[in-house]
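Here the structure comes first, spelled out in C-alpha coordinates, and everything after it is commentary.
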Amino acid sequence: MPKYDYLIVGAGMYGAVFARQMTDAGKKVLILEKREHIGGNCYTEEVEGIQVHKYGAHIMHTSSEKIWRYIGKYAEMNHYVNRVRVRHEDKIYSFPINMNTLNQVFGVVSPEEARARIEAAKIPNDNPQNMEEWVLANVGRELYEIFIKGYTQKQWGKSPRELPASIIRRLPIRYLYDDNYFNDCYQGIPKGGYTAFFEKILDGIELRLGVDYLANKESYNTLAKKVIYCGNIDSFFDYQFGELEWRSLRFENETMDLNDFQGTAVVNYTSEDVPYTRILEHKHFEHIGVIPDTGKTIITREYPQDWDRSKEAYYPVRDTNGHSELYERYKAEAEKLDNIFFRGRLAEYVYRDMCPTIGLALRFSEQELELY
Ligand code: UDP
(Lines give C-alpha, C1' and ligand atoms only; values in the text may rest on other atoms or scores of the structure.)
Protein backbone atom coordinates (compact mmCIF):
# COMPACT_ATOMS: atom_id res chain seq x y z
CA MET A 1 0.00 0.00 0.00
CA PRO A 2 1.56 3.39 -0.98
CA LYS A 3 2.20 5.70 1.93
CA TYR A 4 0.52 8.76 0.35
CA ASP A 5 -2.76 9.32 -1.45
CA TYR A 6 -1.24 12.07 -3.60
CA LEU A 7 2.25 12.90 -4.71
CA ILE A 8 2.27 16.46 -6.04
CA VAL A 9 5.18 17.57 -8.17
CA GLY A 10 5.61 21.33 -7.87
CA ALA A 11 4.77 23.75 -5.05
CA GLY A 12 3.40 26.45 -7.36
CA MET A 13 -0.18 27.66 -7.40
CA TYR A 14 -1.88 24.58 -8.82
CA GLY A 15 0.02 22.11 -6.67
CA ALA A 16 -0.31 24.13 -3.46
CA VAL A 17 -4.05 24.69 -3.76
CA PHE A 18 -4.73 21.08 -4.69
CA ALA A 19 -2.53 19.87 -1.83
CA ARG A 20 -4.38 22.08 0.67
CA GLN A 21 -7.79 20.86 -0.47
CA MET A 22 -6.89 17.19 -0.35
CA THR A 23 -5.14 17.56 3.00
CA ASP A 24 -8.17 19.30 4.47
CA ALA A 25 -10.30 16.41 3.21
CA GLY A 26 -8.15 13.97 5.17
CA LYS A 27 -5.93 12.72 2.34
CA LYS A 28 -2.24 12.11 2.83
CA VAL A 29 -0.17 14.34 0.55
CA LEU A 30 3.51 14.76 -0.27
CA ILE A 31 4.83 17.66 -2.35
CA LEU A 32 8.17 17.54 -4.16
CA GLU A 33 9.59 20.84 -5.37
CA LYS A 34 12.65 21.12 -7.58
CA ARG A 35 13.50 24.67 -6.50
CA GLU A 36 14.69 25.64 -3.05
CA HIS A 37 11.52 27.64 -2.43
CA ILE A 38 7.75 27.39 -2.58
CA GLY A 39 5.34 29.47 -4.67
CA GLY A 40 6.62 28.72 -8.17
CA ASN A 41 6.88 31.88 -10.23
CA CYS A 42 4.69 33.79 -7.77
CA TYR A 43 7.54 33.68 -5.25
CA THR A 44 8.45 36.97 -3.56
CA GLU A 45 11.54 37.72 -1.50
CA GLU A 46 11.99 40.55 0.95
CA VAL A 47 14.94 42.84 0.13
CA GLU A 48 15.45 46.21 1.86
CA GLY A 49 12.00 45.79 3.41
CA ILE A 50 10.43 45.52 -0.08
CA GLN A 51 8.65 42.43 -1.41
CA VAL A 52 10.43 41.68 -4.68
CA HIS A 53 8.49 39.66 -7.28
CA LYS A 54 11.39 37.40 -8.29
CA TYR A 55 9.80 36.00 -11.44
CA GLY A 56 7.96 39.05 -12.72
CA ALA A 57 4.89 40.99 -11.65
CA HIS A 58 2.08 38.94 -10.16
CA ILE A 59 -1.27 40.59 -9.62
CA MET A 60 -4.34 38.62 -8.66
CA HIS A 61 -7.54 39.49 -10.47
CA THR A 62 -10.80 37.63 -10.87
CA SER A 63 -14.54 38.09 -11.09
CA SER A 64 -15.17 34.88 -9.19
CA GLU A 65 -16.34 35.45 -5.65
CA LYS A 66 -15.55 31.83 -4.86
CA ILE A 67 -11.88 32.23 -5.88
CA TRP A 68 -11.52 35.60 -4.15
CA ARG A 69 -12.93 34.20 -0.92
CA TYR A 70 -10.58 31.25 -1.16
CA ILE A 71 -7.59 33.59 -1.50
CA GLY A 72 -8.88 35.60 1.46
CA LYS A 73 -8.57 32.52 3.69
CA TYR A 74 -4.79 32.65 3.33
CA ALA A 75 -3.99 36.31 2.70
CA GLU A 76 -5.11 39.77 3.49
CA MET A 77 -5.22 41.42 0.08
CA ASN A 78 -4.14 44.98 -0.57
CA HIS A 79 -6.03 47.28 -2.90
CA TYR A 80 -3.46 47.44 -5.65
CA VAL A 81 -4.98 48.14 -9.05
CA ASN A 82 -2.75 47.54 -12.04
CA ARG A 83 -2.38 50.79 -13.97
CA VAL A 84 0.35 50.25 -16.52
CA ARG A 85 2.10 53.10 -18.27
CA VAL A 86 3.73 52.80 -21.67
CA ARG A 87 6.92 54.61 -22.48
CA HIS A 88 7.46 55.12 -26.19
CA GLU A 89 10.39 57.32 -27.14
CA ASP A 90 10.11 60.32 -24.78
CA LYS A 91 6.44 60.05 -23.96
CA ILE A 92 4.48 58.28 -21.25
CA TYR A 93 1.06 56.96 -22.26
CA SER A 94 -1.87 55.44 -20.43
CA PHE A 95 -2.39 51.73 -21.24
CA PRO A 96 -4.23 49.52 -22.19
CA ILE A 97 -5.71 51.75 -24.86
CA ASN A 98 -8.45 53.82 -23.19
CA MET A 99 -9.83 57.35 -23.42
CA ASN A 100 -6.77 58.78 -21.67
CA THR A 101 -4.56 57.18 -24.32
CA LEU A 102 -6.76 58.28 -27.19
CA ASN A 103 -6.71 61.81 -25.84
CA GLN A 104 -2.90 61.69 -25.61
CA VAL A 105 -2.44 60.28 -29.11
CA PHE A 106 -5.27 61.87 -31.11
CA GLY A 107 -6.45 64.76 -28.93
CA VAL A 108 -10.01 63.37 -28.91
CA VAL A 109 -12.07 64.10 -25.79
CA SER A 110 -15.37 62.21 -25.94
CA PRO A 111 -15.97 58.48 -26.49
CA GLU A 112 -17.98 59.35 -29.60
CA GLU A 113 -15.08 61.30 -31.15
CA ALA A 114 -12.70 58.51 -30.16
CA ARG A 115 -14.83 55.82 -31.81
CA ALA A 116 -15.07 57.86 -34.99
CA ARG A 117 -11.28 58.35 -34.99
CA ILE A 118 -10.64 54.64 -34.50
CA GLU A 119 -13.22 53.71 -37.15
CA ALA A 120 -11.36 55.91 -39.62
CA ALA A 121 -8.00 54.39 -38.64
CA LYS A 122 -9.07 50.72 -38.92
CA ILE A 123 -7.70 48.73 -41.82
CA PRO A 124 -10.68 46.58 -42.78
CA ASN A 125 -10.14 42.83 -42.64
CA ASP A 126 -12.99 40.35 -42.17
CA ASN A 127 -10.73 37.47 -41.43
CA PRO A 128 -7.50 38.50 -39.67
CA GLN A 129 -4.96 35.70 -39.92
CA ASN A 130 -2.50 36.83 -37.28
CA MET A 131 -1.94 39.35 -34.50
CA GLU A 132 -0.80 42.19 -36.75
CA GLU A 133 -3.82 41.88 -39.02
CA TRP A 134 -6.12 41.69 -36.01
CA VAL A 135 -4.68 44.82 -34.38
CA LEU A 136 -4.68 46.80 -37.63
CA ALA A 137 -8.29 45.79 -38.21
CA ASN A 138 -9.25 46.89 -34.70
CA VAL A 139 -7.23 50.05 -33.99
CA GLY A 140 -5.29 50.99 -37.13
CA ARG A 141 -1.61 51.58 -37.79
CA GLU A 142 -0.69 54.47 -35.51
CA LEU A 143 -1.72 52.80 -32.26
CA TYR A 144 -0.24 49.52 -33.51
CA GLU A 145 3.13 51.16 -34.02
CA ILE A 146 3.24 53.00 -30.69
CA PHE A 147 1.92 50.27 -28.43
CA ILE A 148 2.06 46.86 -30.02
CA LYS A 149 4.61 46.33 -32.76
CA GLY A 150 7.92 46.90 -30.92
CA TYR A 151 6.82 45.42 -27.61
CA THR A 152 5.47 42.27 -29.22
CA GLN A 153 8.53 41.81 -31.39
CA LYS A 154 10.76 42.00 -28.28
CA GLN A 155 8.46 39.91 -26.12
CA TRP A 156 8.15 37.05 -28.57
CA GLY A 157 11.26 37.41 -30.71
CA LYS A 158 8.88 37.16 -33.67
CA SER A 159 6.93 39.53 -35.82
CA PRO A 160 3.26 40.01 -34.82
CA ARG A 161 2.54 38.57 -38.28
CA GLU A 162 3.74 35.19 -37.02
CA LEU A 163 1.73 35.25 -33.79
CA PRO A 164 -1.88 34.35 -32.96
CA ALA A 165 -4.33 37.20 -32.31
CA SER A 166 -5.37 35.39 -29.13
CA ILE A 167 -2.30 36.83 -27.34
CA ILE A 168 -3.49 40.39 -27.71
CA ARG A 169 -7.16 39.64 -27.15
CA ARG A 170 -6.48 39.43 -23.46
CA LEU A 171 -5.92 43.20 -23.50
CA PRO A 172 -9.11 45.26 -23.56
CA ILE A 173 -9.61 48.45 -25.61
CA ARG A 174 -11.85 50.81 -23.68
CA TYR A 175 -13.80 53.90 -24.61
CA LEU A 176 -13.74 54.98 -20.96
CA TYR A 177 -11.40 57.10 -18.88
CA ASP A 178 -10.60 53.93 -16.97
CA ASP A 179 -6.99 52.77 -17.10
CA ASN A 180 -7.40 49.66 -14.95
CA TYR A 181 -5.43 46.92 -16.76
CA PHE A 182 -8.03 44.33 -15.84
CA ASN A 183 -11.81 44.18 -16.15
CA ASP A 184 -12.33 41.94 -13.12
CA CYS A 185 -14.17 43.11 -10.03
CA TYR A 186 -11.58 41.78 -7.57
CA GLN A 187 -7.90 42.68 -7.76
CA GLY A 188 -4.95 42.92 -5.38
CA ILE A 189 -1.71 41.49 -4.03
CA PRO A 190 -1.29 39.58 -0.74
CA LYS A 191 -0.03 41.89 2.00
CA GLY A 192 3.38 40.67 3.10
CA GLY A 193 4.02 39.05 -0.30
CA TYR A 194 3.19 35.81 -2.08
CA THR A 195 5.63 33.67 -0.16
CA ALA A 196 3.77 34.29 3.11
CA PHE A 197 0.53 33.44 1.30
CA PHE A 198 1.96 30.12 0.09
CA GLU A 199 3.36 29.35 3.55
CA LYS A 200 -0.17 29.59 4.90
CA ILE A 201 -1.68 27.44 2.16
CA LEU A 202 1.00 24.81 2.67
CA ASP A 203 0.94 24.90 6.46
CA GLY A 204 1.28 21.40 7.89
CA ILE A 205 1.70 19.69 4.49
CA GLU A 206 4.73 17.46 3.95
CA LEU A 207 7.02 19.19 1.48
CA ARG A 208 10.51 18.44 0.20
CA LEU A 209 12.39 21.28 -1.45
CA GLY A 210 15.29 20.89 -3.88
CA VAL A 211 14.06 17.48 -5.06
CA ASP A 212 14.17 16.57 -8.74
CA TYR A 213 11.23 14.19 -9.19
CA LEU A 214 12.20 13.40 -12.78
CA ALA A 215 15.61 12.08 -11.73
CA ASN A 216 13.84 9.25 -9.89
CA LYS A 217 10.30 9.29 -11.06
CA GLU A 218 9.68 5.53 -11.14
CA SER A 219 10.57 5.18 -7.50
CA TYR A 220 8.72 8.35 -6.41
CA ASN A 221 5.62 7.12 -8.22
CA THR A 222 5.46 4.10 -5.94
CA LEU A 223 5.01 6.42 -2.93
CA ALA A 224 1.46 7.47 -3.77
CA LYS A 225 -1.77 6.20 -5.26
CA LYS A 226 -1.92 9.18 -7.62
CA VAL A 227 0.60 11.66 -8.95
CA ILE A 228 -0.23 15.26 -9.90
CA TYR A 229 2.59 16.40 -12.14
CA CYS A 230 2.88 20.19 -12.54
CA GLY A 231 6.21 20.33 -14.41
CA ASN A 232 6.88 20.66 -18.15
CA ILE A 233 5.10 17.87 -19.99
CA ASP A 234 7.91 17.33 -22.53
CA SER A 235 10.52 16.92 -19.79
CA PHE A 236 8.39 14.20 -18.16
CA PHE A 237 8.72 12.21 -21.38
CA ASP A 238 12.41 13.01 -21.66
CA TYR A 239 11.72 15.24 -24.70
CA GLN A 240 11.19 12.11 -26.78
CA PHE A 241 9.31 13.96 -29.53
CA GLY A 242 11.37 17.16 -29.16
CA GLU A 243 11.15 20.31 -27.05
CA LEU A 244 8.03 22.43 -26.81
CA GLU A 245 8.79 26.03 -27.64
CA TRP A 246 8.59 28.61 -24.85
CA ARG A 247 9.57 32.21 -24.44
CA SER A 248 11.68 32.90 -21.39
CA LEU A 249 12.57 36.02 -19.43
CA ARG A 250 15.68 37.35 -17.75
CA PHE A 251 15.35 39.73 -14.83
CA GLU A 252 17.92 42.33 -13.93
CA ASN A 253 17.37 43.70 -10.43
CA GLU A 254 18.83 46.94 -9.21
CA THR A 255 18.68 48.48 -5.75
CA MET A 256 18.80 52.25 -5.95
CA ASP A 257 19.50 54.90 -3.34
CA LEU A 258 16.38 56.71 -4.37
CA ASN A 259 12.95 56.87 -2.85
CA ASP A 260 11.02 56.58 -6.09
CA PHE A 261 12.38 55.76 -9.54
CA GLN A 262 9.34 55.84 -11.82
CA GLY A 263 6.31 56.81 -9.74
CA THR A 264 4.38 53.64 -10.57
CA ALA A 265 4.75 49.85 -10.44
CA VAL A 266 4.92 48.95 -14.15
CA VAL A 267 6.20 50.85 -17.17
CA ASN A 268 6.19 49.03 -20.50
CA TYR A 269 8.88 50.10 -22.96
CA THR A 270 7.40 49.66 -26.40
CA SER A 271 10.22 51.10 -28.54
CA GLU A 272 12.14 48.39 -30.36
CA ASP A 273 15.55 49.95 -29.64
CA VAL A 274 15.18 49.57 -25.84
CA PRO A 275 16.22 45.98 -25.10
CA TYR A 276 13.87 45.37 -22.15
CA THR A 277 10.07 45.23 -22.29
CA ARG A 278 9.30 46.66 -18.88
CA ILE A 279 10.59 48.08 -15.66
CA LEU A 280 8.90 47.06 -12.43
CA GLU A 281 9.33 49.09 -9.27
CA HIS A 282 8.38 46.72 -6.51
CA LYS A 283 7.50 49.09 -3.67
CA HIS A 284 4.58 50.41 -5.74
CA PHE A 285 2.92 46.98 -5.63
CA GLU A 286 2.71 47.28 -1.85
CA HIS A 287 2.24 50.93 -1.04
CA ILE A 288 -0.74 52.65 -2.48
CA GLY A 289 -0.99 56.41 -2.56
CA VAL A 290 1.89 57.22 -0.24
CA ILE A 291 5.36 55.69 -0.54
CA PRO A 292 7.31 55.44 2.72
CA ASP A 293 10.45 57.56 2.55
CA THR A 294 13.13 54.89 2.99
CA GLY A 295 15.63 56.27 0.49
CA LYS A 296 15.82 52.88 -1.26
CA THR A 297 13.95 51.35 -4.12
CA ILE A 298 14.30 48.14 -6.15
CA ILE A 299 13.58 47.97 -9.83
CA THR A 300 13.59 45.04 -12.25
CA ARG A 301 14.26 45.29 -15.94
CA GLU A 302 12.59 42.46 -17.81
CA TYR A 303 14.36 41.08 -20.89
CA PRO A 304 12.61 38.47 -23.01
CA GLN A 305 14.87 35.69 -24.25
CA ASP A 306 14.72 32.37 -26.08
CA TRP A 307 14.04 29.39 -23.90
CA ASP A 308 16.32 26.40 -23.46
CA ARG A 309 16.34 23.66 -20.82
CA SER A 310 18.47 25.75 -18.47
CA LYS A 311 15.90 28.58 -18.40
CA GLU A 312 12.46 29.09 -16.91
CA ALA A 313 9.50 28.60 -19.25
CA TYR A 314 7.13 31.59 -19.22
CA TYR A 315 5.05 31.86 -22.36
CA PRO A 316 4.14 28.93 -24.60
CA VAL A 317 4.77 29.70 -28.26
CA ARG A 318 1.86 28.22 -30.17
CA ASP A 319 1.14 28.67 -33.88
CA THR A 320 -1.06 31.43 -35.32
CA ASN A 321 -4.17 29.34 -34.66
CA GLY A 322 -3.14 28.72 -31.06
CA HIS A 323 -2.39 25.03 -31.76
CA SER A 324 0.63 22.89 -31.03
CA GLU A 325 0.89 19.53 -32.73
CA LEU A 326 3.84 18.61 -30.58
CA TYR A 327 1.91 19.28 -27.38
CA GLU A 328 -0.97 17.14 -28.66
CA ARG A 329 1.46 14.24 -29.10
CA TYR A 330 2.71 14.58 -25.53
CA LYS A 331 -0.83 14.96 -24.26
CA ALA A 332 -1.82 11.69 -25.95
CA GLU A 333 1.07 9.97 -24.15
CA ALA A 334 0.06 11.53 -20.85
CA GLU A 335 -3.49 10.28 -21.22
CA LYS A 336 -2.24 6.69 -21.41
CA LEU A 337 -0.94 6.94 -17.84
CA ASP A 338 -3.69 5.97 -15.45
CA ASN A 339 -2.65 7.46 -12.16
CA ILE A 340 -0.59 10.42 -13.31
CA PHE A 341 -2.38 13.70 -13.94
CA PHE A 342 -0.73 16.53 -15.88
CA ARG A 343 -1.96 19.80 -14.43
CA GLY A 344 -1.01 23.47 -14.38
CA ARG A 345 0.43 25.77 -17.06
CA LEU A 346 3.70 23.90 -17.63
CA ALA A 347 2.06 20.49 -17.91
CA GLU A 348 -0.79 21.80 -20.06
CA TYR A 349 1.41 24.09 -22.19
CA VAL A 350 -0.78 27.16 -21.71
CA TYR A 351 -0.62 30.77 -20.62
CA ARG A 352 -2.67 30.90 -17.42
CA ASP A 353 -3.18 33.54 -14.76
CA MET A 354 -3.13 32.75 -11.04
CA CYS A 355 -6.86 32.98 -10.33
CA PRO A 356 -8.01 30.62 -13.09
CA THR A 357 -5.28 28.26 -11.88
CA ILE A 358 -6.78 28.32 -8.38
CA GLY A 359 -10.23 27.73 -9.88
CA LEU A 360 -9.03 24.69 -11.84
CA ALA A 361 -7.21 23.23 -8.83
CA LEU A 362 -10.34 23.65 -6.69
CA ARG A 363 -12.47 21.98 -9.35
CA PHE A 364 -10.13 19.06 -9.74
CA SER A 365 -9.98 18.58 -5.97
CA GLU A 366 -13.79 18.58 -5.88
CA GLN A 367 -13.87 16.01 -8.68
CA GLU A 368 -11.39 13.86 -6.85
CA LEU A 369 -13.48 14.05 -3.71
CA GLU A 370 -16.59 13.23 -5.76
CA LEU A 371 -18.31 16.36 -4.58
CA TYR A 372 -18.46 17.68 -8.09
N1 UDP B 1 1.41 43.96 -25.53
C2 UDP B 1 1.87 45.00 -26.30
N3 UDP B 1 2.25 46.16 -25.72
C4 UDP B 1 2.24 46.34 -24.38
C5 UDP B 1 1.76 45.28 -23.58
C6 UDP B 1 1.37 44.11 -24.18
O7 UDP B 1 1.93 44.88 -27.52
O8 UDP B 1 2.62 47.43 -23.91
C9 UDP B 1 1.01 42.71 -26.21
C10 UDP B 1 2.18 41.74 -26.30
O11 UDP B 1 2.09 41.03 -27.52
C12 UDP B 1 1.94 40.82 -25.13
C13 UDP B 1 0.42 40.74 -25.09
O14 UDP B 1 0.01 42.04 -25.46
O15 UDP B 1 2.53 39.56 -25.33
C16 UDP B 1 -0.16 40.34 -23.76
O17 UDP B 1 0.27 41.25 -22.78
P18 UDP B 1 0.11 40.96 -21.25
O19 UDP B 1 0.27 42.23 -20.54
O20 UDP B 1 -1.10 40.13 -21.01
O21 UDP B 1 1.39 40.05 -21.00
P22 UDP B 1 1.96 39.52 -19.63
O23 UDP B 1 1.67 40.56 -18.60
O24 UDP B 1 1.31 38.25 -19.38
O25 UDP B 1 3.40 39.42 -19.93
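The mean accessible area for residues of the chain, using a 1.4 Å probe and ignoring ligands and nucleic acids, is 47 Å² per residue. Ordering Ala361, Leu244, Val139 by Cα displacement along the dipole of the chain toward the positive end leaves Ala361 in first place; charges were set at the Cβ atoms of Lys, Arg (+1) and Asp, Glu (-1). Spread over its residues, the convex hull of the C-alpha atoms of the range 109-162 is 72 Å³ per residue. Candidates Val350, Pro316, Gly26 compared by Cα position along the dipole of the chain: farthest toward the positive end lies Gly26, with charges placed on Cβ. Note on Arg329 and Glu252: the model spin-label points, each 7 Å out from Cα along the C-beta direction, lie 3.7 nm apart. For the pair Lys191 and Ala215 in one chain, pulling the backbone fully straight at 0.36 nm per residue adds 5.0 nm over the alpha carbon distance. Summed over qualifying helices (DSSP H, 4 residues or more, each -39500 (n - 2.57)) and divided by its residue number, the chain shows a 222 nm mean residue ellipticity of -8000 deg cm²/dmol. The longest part of the chain holding none of the exposed loop GluC sites (Glu not before Pro), meaning those outside H, G, I, E and B in DSSP with at most 14 other Cβ atoms within 10 Å, is 90-242.
Given a Förster distance of 41 angstrom, what is the FRET efficiency for Lys296 paired with Lys34, based on the Cβ-Cβ distance and rounded to 0.05? The partial results should precede the final answer.
Values: r = 32 Å, r/R0 = 0.78.
The value I calculate is 0.80.
For a quick check, take a GNM of the chain with Cα springs below 10 Å and name the residue from Gly39, Gly359, Gly72 with the largest mean-square fluctuation. Checking each option, the largest mean-square fluctuation is seen for Gly72.
Cross-link reach is defined here as a Cα-Cα straight distance under 17 Å, omitting same-chain residues fewer than 8 places apart; for Lys3 the lysines meeting it are Lys27, Lys28, Lys217, Lys225, Lys226. Counting 0.36 nm for each residue step from Asn103 to Lys311 and taking away their Cα separation leaves a gain of 70.8 nm. Checking the a/c ratio against 1.5 first, then a/b against b/c, what shape does the Cα gyration tensor give for the range 191-243? It comes out oblate by the Cα gyration axes. Counting only protein heavy atoms and using a 1.4 Å probe, the accessible area of Tyr175 comes to about 50 Å². Evaluated with a Cβ-only charge set (Lys, Arg +1; Asp, Glu -1), the range 299-372 carries a dipole of roughly 200 debye about its Cα centre, given to the nearest 20.
In this rough spin-label picture, where each label sits 7 Å from Cα along the Cβ direction, the Ser166-Asn183 distance is 1.8 nm.
Overall, the chain carries a charge dipole of about 580 debye about its Cα centre when +1 sits on the Cβ of Lys and Arg and -1 on the Cβ of Asp and Glu, all other atoms neutral.
What range in the chain is the longest one free of trypsin sites (Lys or Arg not before Pro) that are in a loop by DSSP and have at most 12 other Cβ atoms within 10 angstrom? Before the final figure, lay out each step's value.
Numbers: sites that count: Lys3, Arg170, Arg309, Lys336.
Segment 4-169 is the longest.
Here the accessible area of the chain is 45 percent carbon and sulfur, with a 1.4 angstrom probe and all protein chains present.
Would you please give the FRET efficiency between Leu223 and Asp319, computed as 1/(1 + (r/R0)^6) with r the Cβ-Cβ distance and R0 = 45 Å, to the nearest 0.05?
Details: r = 38 Å, r/R0 = 0.85.
My answer for the efficiency is 0.75.
Work out, in µm²/s and without decimals, the Stokes-Einstein translational diffusion coefficient of the range 36-95 at 10 °C, 1.306 mPa s, Rh from Kirkwood over C-alpha pairs. Let's see the in-between values first.
Numbers: Rh = 14.4 Å.
Diffusion coefficient, whole number: 111 µm²/s.
If you put +1 on each Lys and Arg Cβ and -1 on each Asp and Glu Cβ, how big is the dipole of the range 1-108 around its Cα centre, in Debye rounded to 20? Present the calculation step by step, with values, prior to reporting the outcome.
Details: 14 positive and 11 negative charges, 73 e Å.
Magnitude of the dipole: close to 360 debye.
Over the range 184-274, the reciprocal of the mean inverse Cα-Cα separation, the Kirkwood hydrodynamic radius, stands at 18.9 Å.
Keeping every protein chain in place, order His287, His58, His53, His323 by accessible area at 1.4 Å, biggest value first, i.e. largest first. Walk me through the intermediate numbers first.
Values: His287 60, His58 35, His53 10, His323 115 Å².
Descending order: His323, His287, His58, His53.
The values are calculated or read from the model by the stated rules, or taken from the named source; none is laboratory data. Being a predicted model, the structure only gives us computed values, none of them experimental. Cβ sites come from the backbone with ideal geometry, for glycine too, and all protein chains shown count toward neighbours. Only protein heavy atoms, including side chains, enter the accessible area calculation; ligands, DNA and RNA are left aside. Shrake-Rupley method; radii C 1.70, N 1.55, O 1.52, S 1.80 Å.
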